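Worksheet: the structure to be examined is printed underneath.
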Amino acid sequence: MKALVYKSTGSWYVVKDMKGNQYNARIKGIFKIDDITSTNPIAVGDEVEIETENELEGSVTITEIHPRRNYINRQSPRHKFQQHIIAANLDQSVLFATLKEPRTSQGFIDRFLVASEMYHVPAVIVFNKADLYKKKEEQRYEELKQMYEAVGYKVFLISVTNNTGIDDVKDILKNKISLLSGHSGVGKSSFLNIICPELSLKTQDVSGWSGKGIHTTTFAEMYDLDYGGKIIDTPGMREFGLIDISKQELSHYFPEMRDRLNNCQFNNCQHINEPGCAIKRAVEAGEISENRFFSYYNILESIEENKY
Ligand SMILES: Nc1nc2c(ncn2[C@@H]2O[C@H](COP(=O)(O)OP(=O)(O)O)[C@@H](O)[C@H]2O)c(=O)[nH]1
Ligand SMILES: [Mg+2]
Ligand SMILES: [Zn+2]
């Protein structure tokens, strides 16, 4: 019987069959998937086959995993060269960001976008806490919106507190499987609670705010939206580990660079100070945002090349 994984703790799982019946599940045997070394063989969003283990307890065994359309991962916190799959089979990833309490850096947003491009998951950015923005943050928001829309990402501004802008975001979630991510404290759970009040998720108190939140959610979990669609809430992620990315391919994951790579004089151009570089030319001409190029440069510098 086919089922979908709604929650994974690493040792047990919550799955739902196609009729909507929910079970606790365990794995039988050892799974080797896609030849990747991961700390968790099965992740939220995985489509699996289940067999009844104990009818009375309602527990089932996962016997098979179906091929993944895509997945998003990060470096395992404990094993540097292993990855932790955050979620699989996504239609889109929605990054929650804030310009105040806490402030999400552009570097973090760009890393997230690169990761989404790598895994071919369309990305959307939602700025929350609009009620807290003053002139300075409003201006910053407009700049960011322009910059990201120019390269093809949808950008939204909402306030969960004032209930503004919510319907547009609800619309893009309809009938899709969406990964919700962003730092702790940006309002992901609060947002889910207003679009789906019956979830009554725990939200976190910002009193004693120190810039970084305490994690209230430990494991990624998927929820059904009553108006159609599923959403995956993730634990606060400080850093999206860009595993398995080489310096050479990085610019392919910046859409505005990808479109121009063929025009560089050298086909192994890293767009730093090579002659005849179309990317640098576009930055100088104002066709590529300097801020995005700066993020590119920072990510490039952070990639350890000795693996390749
Ligand atoms: N001012 C303001 N605070 C918000 C808004 N949305 C959420 N919060 C607060 O931000 C804190 C963190 O929210 P939470 O939903 O737990 O964030 P999560 O860690 O991303 O799930 C809570 O105290 C919320 O009440 C908003 O639109 N405006
Ligand atoms: Mg939360
Ligand atoms: Zn170049």
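The values are calculated or read from the model by the stated rules, or taken from the named source; none is laboratory data. Quantities reported herein were computed from a predicted structural model and do not represent experimental measurements. All Cβ positions, glycine included, derive from the backbone under ideal geometry; neighbour counts span all protein chains shown. Each accessible area value is taken on the protein alone, full model and side chains, heavy atoms only, with ligands, DNA and RNA left out. Shrake-Rupley method; radii C 1.70, N 1.55, O 1.52, S 1.80 Å.
Within the stretch 122-140, is even one residue touching a Lys or Arg at 6+ places or on another chain (Cβ under 8 Å), buried (at least 16 other Cβ atoms within 10 Å of the Cβ) and part of a helix (DSSP H, G or I)? Yes, that holds for at least one residue. Of note, I172 does not satisfy the criterion of being of a type outside the set (D, E, K, R), part of a helix (DSSP H, G or I) and either open to solvent by less than 20 Å² (accessible area, probe 1.4 Å) or touching a helix residue (DSSP H, G or I) at 6+ places or on another chain (Cβ under 8 Å) (or both).
Here T61, T98 are screened, and the one residue that is modelled with pLDDT of 95 or more, surrounded by 12 or more Cβ atoms within 10 Å (Cβ to Cβ) and of a type in the set (S, T, Y) is T98. When the criteria are applied in full, I232 meets the requirement of being modelled with pLDDT under 95 and surrounded by 15 or more Cβ atoms within 10 Å (Cβ to Cβ). Tell me which residues, restricted to the stretch 259-308, are more than 9 Å from ligand 3 (Cβ to nearest atom), assigned to a helix (DSSP H, G or I), closer than 27 Å to K145 by Cα and open to solvent by 100 Å² or more (accessible area, probe 1.4 Å). Within the stretch 259-308, E284, E290, F294, E301 meet the criteria. Considered as a group, the residues in the stretch 181-200 that are open to solvent by less than 30 Å² (accessible area, probe 1.4 Å) and not small (G, A, S) include one that is farthest from L157 (Cα to Cα), and that residue is C196.
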